[in-house]
1. Limited to segment 36-71, what total is found for residues that are of a type in the set (Asp, Glu) and in a helix (DSSP H, G or I)?
2. Would segment 112-123 turn up any residue that is small (Gly, Ala, Ser) and within 22 Å of residue 73 (Cβ to Cβ)?
3. Anything in segment 299-324 that is open to solvent by 40 Å² or more (accessible area, probe 1.4 Å) and part of a loop (DSSP other than H, G, I, E, B)? List them, or say none.
4. Going residue by residue through segment 283-293, is there one that turns out to be within 22 Å of residue 122 (Cβ to Cβ), open to solvent by less than 10 Å² (accessible area, probe 1.4 Å) and not in a helix (DSSP H, G or I)?
5. Search segment 63-74 for residues that are closer than 13 Å to residue 99 by Cβ and pair each with any residue that is away from the ligand (no atom under 13 Å from the Cβ) and hydroxyl-bearing (Ser, Thr, Tyr) when their beta-carbon atoms are under 8 Å apart and the residues are at least 6 apart or on different chains.
6. Here's a check for you: in segment 134-161, which residue that is part of a loop (DSSP other than H, G, I, E, B) and open to solvent by 20 Å² or more (accessible area, probe 1.4 Å) is nearest to the ligand (Cβ to nearest atom)?
7. Going residue by residue through segment 90-103, is there one that turns out to be of a type in the set (S, T, N, Q), surrounded by fewer than 19 Cβ atoms within 10 Å (Cβ to Cβ) and more than 16 Å from the ligand (Cβ to nearest atom)?
8. Scan segment 87-94 and tell me whether some residue there is under 22 Å from residue 278 (Cα atoms), in contact (Cβ under 8 Å) with a residue 12 or more places away in the chain and in the same structural domain as residue 294 (by TED's automatic domain parsing).
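The values are calculated or read from the model by the stated rules, or taken from the named source; none is laboratory data. Bear in mind that the values here come from a model prediction, so they are computed numbers and not experimental data. Virtual Cβ from ideal backbone geometry, glycine too; neighbours counted across all protein chains shown. Areas reflect the complete protein model, heavy atoms only, side chains present, ligands, DNA and RNA absent. Shrake-Rupley method; radii C 1.70, N 1.55, O 1.52, S 1.80 Å.
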Amino acid sequence: MQRRLFMKQASALAVGAPIALAATKSYSADKKYSIALIPGLTTDAFYITMRKGAEAAAKAVGAQIVFQGAPDFNPVTQVPVLDAVIAKKPDAILIAPTDVNQLIQPLKKAADAGIPVITVDTFIGTGKYQTGSGDADFPLAYVASDNVLGGAIAARALAKAVGEKGKVYVSNVKPGISTTDQRELGFKEEMKKFPNITVLETQFNDDDANKAASQLQAVYARNSDLDGVFGANLFSALGAANGVQQAGQSGKIKVVAFDAPTSIVDNLKSGLVDLAIAQHPAEIGYFGVISAYAHLTGNSIPTTIGTGFTVIDKSNVADPAVAKFIYSD
Ligand code: T6T
């Protein structure tokens, strides 16, 4: 049984230079801190799993998590949620911003109100915080997967699956999301090492799996020699895989998936999906809360915390050490 674990967490735990930051509020060991967690959207297994990790950390330090989000991955619906959270004056805000630019000013309001902000999963601006430059460096820390690396892992896996030649494309959400932009970037950079693979134009699905499925069929209709697709997040991958199945091309058009919802198990076993790159969302939630707590209790924290991946395929999906990284529903 082949087991491939990509664990970067310990080595990447303090990538950013630790900066001494004075906690904005007085603290006491007995205080029960209220930490808000605003996901990209509430119904996504990725954020549901992140919440579990956040709750586990909150329990360990005696804090309270307020989980509040929007029904879709969209700044237009996320900003009012953020405003409502700011009005409740939590001790800290953890947020997965749904756009690199559109969340800067809304989050600045939280920082100006003295509420520490930590971004989880996604970032605003360049993602380089506490640098003293730019308008988006005010969050204290960024806790996330290395998404460029994730895209490169996907490219290598897809290149191998298609025999290092042919036509592939990226099924992605929409431009302006730090995570999925970086995955596409990492994927395309790595694909340059495979000159016999043509990367077709990216298809953007607005986080809608049905749209991703239709797009797969449309790309296949235009390219009957399509060899593979990289689904750059949960809904992109799920939709692309469904599209492959609906087109009767299961196992012929190769699918590499980012994220690992429960449905991935059957899709890997049946051969519809070749490989899934599971992030560690529980770890992101856990270290997000621990970072907030550390800051609130007067400790300095690293500006960047990198979490790991587990690469799952048919050969290791039944291994409990691997299967534990399948997301919660
Ligand atoms: O891939 C995750 C997350 O990392 C990304 O920022 C948005 O999509 C997901 O939540 C999966 O749906």
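1. As a first pass, look at segment 36-71 and keep what is of a type in the set (Asp, Glu): 44, 55.
Still in the list and also in a helix (DSSP H, G or I): 55.
So the answer is 1.
2. Going residue by residue through segment 112-123, those that are small (Gly, Ala, Ser) are 113-114.
Going one step further and asking which of them are within 22 Å of residue 73 (Cβ to Cβ), we end up with none.
Scanning segment 112-123 turns up no residue that is small (Gly, Ala, Ser) and within 22 Å of residue 73 (Cβ to Cβ).
3. 299, 300, 314, 315, 318, 324
4. Residues of segment 283-293 within 22 Å of residue 122 (Cβ to Cβ): 283-293.
Pick out the ones that are also open to solvent by less than 10 Å² (accessible area, probe 1.4 Å) and you get 284-285, 288-289, 291-292.
Narrowing further to those that are not in a helix (DSSP H, G or I): none.
Scanning segment 283-293, I find no residue that is within 22 Å of residue 122 (Cβ to Cβ), open to solvent by less than 10 Å² (accessible area, probe 1.4 Å) and not in a helix (DSSP H, G or I), so the answer is no.
5. Going by the 8 Å Cβ cut-off, the qualifying pairs are 70/77.
6. From segment 134-161, those part of a loop (DSSP other than H, G, I, E, B) are 134-140, 146; that's our starting set.
Filter once more, so that each one left must be open to solvent by 20 Å² or more (accessible area, probe 1.4 Å): 134-135, 137-138, 146.
Details: 134: 21, 135: 22, 137: 20, 138: 21, 146: 12 Å.
Among those that are part of a loop (DSSP other than H, G, I, E, B) and open to solvent by 20 Å² or more (accessible area, probe 1.4 Å), it is 146.
7. We begin by selecting, within segment 90-103, every residue of a type in the set (S, T, N, Q); these are 98, 101-102.
Of the ones still in play, those that are also surrounded by fewer than 19 Cβ atoms within 10 Å (Cβ to Cβ) are 101-102.
Adding the requirement that they be more than 16 Å from the ligand (Cβ to nearest atom) leaves none.
No, segment 90-103 contains no residue that is of a type in the set (S, T, N, Q), surrounded by fewer than 19 Cβ atoms within 10 Å (Cβ to Cβ) and more than 16 Å from the ligand (Cβ to nearest atom).
8. So in segment 87-94, the residues under 22 Å from residue 278 (Cα atoms) come out as 94.
Keeping just the survivors that are in contact (Cβ under 8 Å) with a residue 12 or more places away in the chain gives 94.
After this cut, where a residue has to be in the same structural domain as residue 294 (by TED's automatic domain parsing) as well, the list is 94.
Yes, some residue in segment 87-94 is under 22 Å from residue 278 (Cα atoms), in contact (Cβ under 8 Å) with a residue 12 or more places away in the chain and in the same structural domain as residue 294 (by TED's automatic domain parsing).
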